[in-house]
1. Do any residues of segment B:145-183 lose at least 30 Å² of accessible area when the full set of protein chains is present rather than just their chain alone, and if so which, with a 1.4 Å probe?
2. Between segment B:36-104 and segment A:174-204, how far is it from one alpha carbon centroid to the other, in angstrom?
3. Stokes-Einstein at 25 °C, 0.890 mPa s, Kirkwood radius from Cα pairs: D for chain A in µm² s⁻¹?
4. Could you pull out every residue, at least 5 positions away or on a different chain, whose amide H is within less than 5 Å of the one on B:Arg49? Hs are placed 1.01 Å off N in the peptide plane, and Pro or chain starts have none.
5. Mean residue ellipticity at 222 nm from the helices of the protein assembly as shown, using -39,500 (n - 2.57) per DSSP H segment of n ≥ 4 over the full residue count, to the nearest 500 deg cm²/dmol?
6. Using only C-alpha positions, report the orientation-averaged shadow area of the convex hull of the protein assembly as shown, nm², one decimal.
7. Just the number, please: buried accessible area between A and B, total of both chains, 1.4 angstrom probe, nearest 100 square angstrom.
8. Got a number for carbon plus sulfur as a percent of the protein assembly as shown's accessible area, 1.4 Å probe?
2 protein chains.
Amino acid sequence: MNQAPLRAAPLLDIRALRTSCSSCSMHQLCLPMGLDEPEMQRLDGIIGRRRVSREASLYRIGDKFVSLYAVRVGQFKTSQTNPDGARQITGFQMTGELLGMDAISTDTHQCDAVALEDSEVCEIPFARLEELFGEIPTLLRHFHRIMSKEITREQSVILLLGNMRAEQRFAAFLVNLSSRYAARGYSSTSFQLRMTREDIGNYLGLTIESISRLLSKLKKEGLLKVSNRQIELTDLPMLKALATGAEAC
Amino acid sequence: MNQAPLRAAPLLDIRALRTSCSSCSMHQLCLPMGLDEPEMQRLDGIIGRRRVSREASLYRIGDKFVSLYAVRVGQFKTSQTNPDGARQITGFQMTGELLGMDAISTDTHQCDAVALEDSEVCEIPFARLEELFGEIPTLLRHFHRIMSKEITREQSVILLLGNMRAEQRFAAFLVNLSSRYAARGYSSTSFQLRMTREDIGNYLGLTIESISRLLSKLKKEGLLKVSNRQIELTDLPMLKALATGAEAC
DNA sequence: CGCCCCTTTGAACCTGATCAAACTGGGTGG
DNA sequence: CCACCCAGTTTGATCAGGTTCAAAGGGGCG
């Protein structure tokens, strides 16, 4: 019945036509936050765009540091590697979030960044960004806030890994995703996981089997519905309670 | 026999007389790294000094953010607290290291900082530091490196907590202390722990009993000697091997 | 000297890991 | 169109590292 619309002419890729910061839906979450129009245009002037397909690396440990990256479309994971080869995912990055700040201190990337899905990033050459710092104080301020926020974020991961039991970690993970989706205008209770169970387990310091069991358990308890990577949080308040350490249900 | 010297006249506190950055032994590790003499004096101009006695807080979660602090004498621990009250130590800070960077993003301190021993800090009002950034590019650059280094440090804590077994964590902890003492001109193999076993356990995501058992085990294996808080690493290479994941001895 | 806190050591327990096998769903090629 | 395949996932059974609970052992400070 619905055959004709399926064969419609290909749409123009509107994103490809307008890629400036001011037209980007993330500009109030991203680096240009708080800039006025002329300032934003100056920032735009130094920014390049780059596509990264699923599973591809944006950068790898040891790469020379040239640019920071802001996620424009898609999602990434960053991971560190032990001398003995063990990998640890240190974070998942959504649209508007900045990647590569750990590279500033050594001029060398200290982690791997891999796209979880076909993605697009804004490439921000750091040397040119530094030049702008002198001219746009608001930009410098906000940059400091972003770095500081990254430090805080990592601290809460440390808290999670050092202090929480499996269920609490997983609940905290879901609640965190939920609020980040909400901040981007998406549903806080229904979303698709972009990472595999293995990624989740690695990030949370748990095995893939544990993640699977936790999903089953929470599903049985009616806190969520799950089908493949599609998640629906049917009892977000209870999940928040779990995440903050409330034991009994 | 040795009675007379015990009653000697009190020495002048030389530190109290000369507290400028340029006279500080840490200035090549600390914020003023790389500054020339006049620049260092300008930085000095905004810095105050403050004593913090053992167990006292330098700042607490929720305190308004005004200043960054550089450890001048002594040692600190920083910890986060869960909604449910669980505490997690996120780091130990030695001389020359900067405290408070996580507060920039919210203008509110996000962790507690407590002195492990009687200590002294340099208080760096952030608003005035920001003014200097515009005038001393070297200072800004180095500040970015310091923040970035903190991000990297935390990433390695995440790696430690997410991926390592107890023994490996503890070895990594000792090796880390060792190299930081070495960087400050102290022995890399013989030093005093400033923190309690409980602090160590908390930091490493282990219990105090586990720490105690690990100390006993490594002692029995001849990798270290321990008497109270005095530690001697008698086989640093082997400890490094343990820390990087070499299993068998 | 005695008290108290920190630490060490022992024994039982439990959470989450490991090992193993079955299942699912989406894509591929016959 | 369907059988197959394969990666990712779920579920079960067993195992082990580290926790918990308990008690004894030091060391420093008043």
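1. Residues passing the criterion (a loss of at least 30 Å², heavy atoms only) are B:Arg145, B:Met147, B:Ser148, B:Ile151, B:Thr152, B:Glu154, B:Gln155, B:Ile158, B:Leu159, B:Leu161, B:Gly162, B:Asn163.
2. 33
3. Value of D from the Cα-based Kirkwood radius: 124 µm²/s.
4. Under 5 Å from the amide H of B:Arg49: B:Glu123.
5. Mean residue ellipticity, 222 nm, calculated: -12500 deg cm²/dmol.
6. Details: hull surface 117.2 nm².
Over all viewing directions, the protein assembly as shown projects a mean Cα-hull area of 29.3 nm².
7. On the way: alone 13850 and 13800 Å², together 23750 Å².
In total, chains A and B hide about 3900 Å² from solvent.
8. Details: 12090 of 23750 Å².
Roughly 51 percent, rounded to a whole number.
The values are calculated or read from the model by the stated rules, or taken from the named source; none is laboratory data. All of these numbers come straight from a predicted model, not from anything done at the bench. Because the Cβ atoms are built from the backbone with ideal geometry, glycine has one as well, and the counts that use them run over all protein chains shown. Side chains are part of the model used for accessible areas, which takes the heavy atoms of the whole protein and leaves out ligands, DNA and RNA. Shrake-Rupley method; radii C 1.70, N 1.55, O 1.52, S 1.80 Å.
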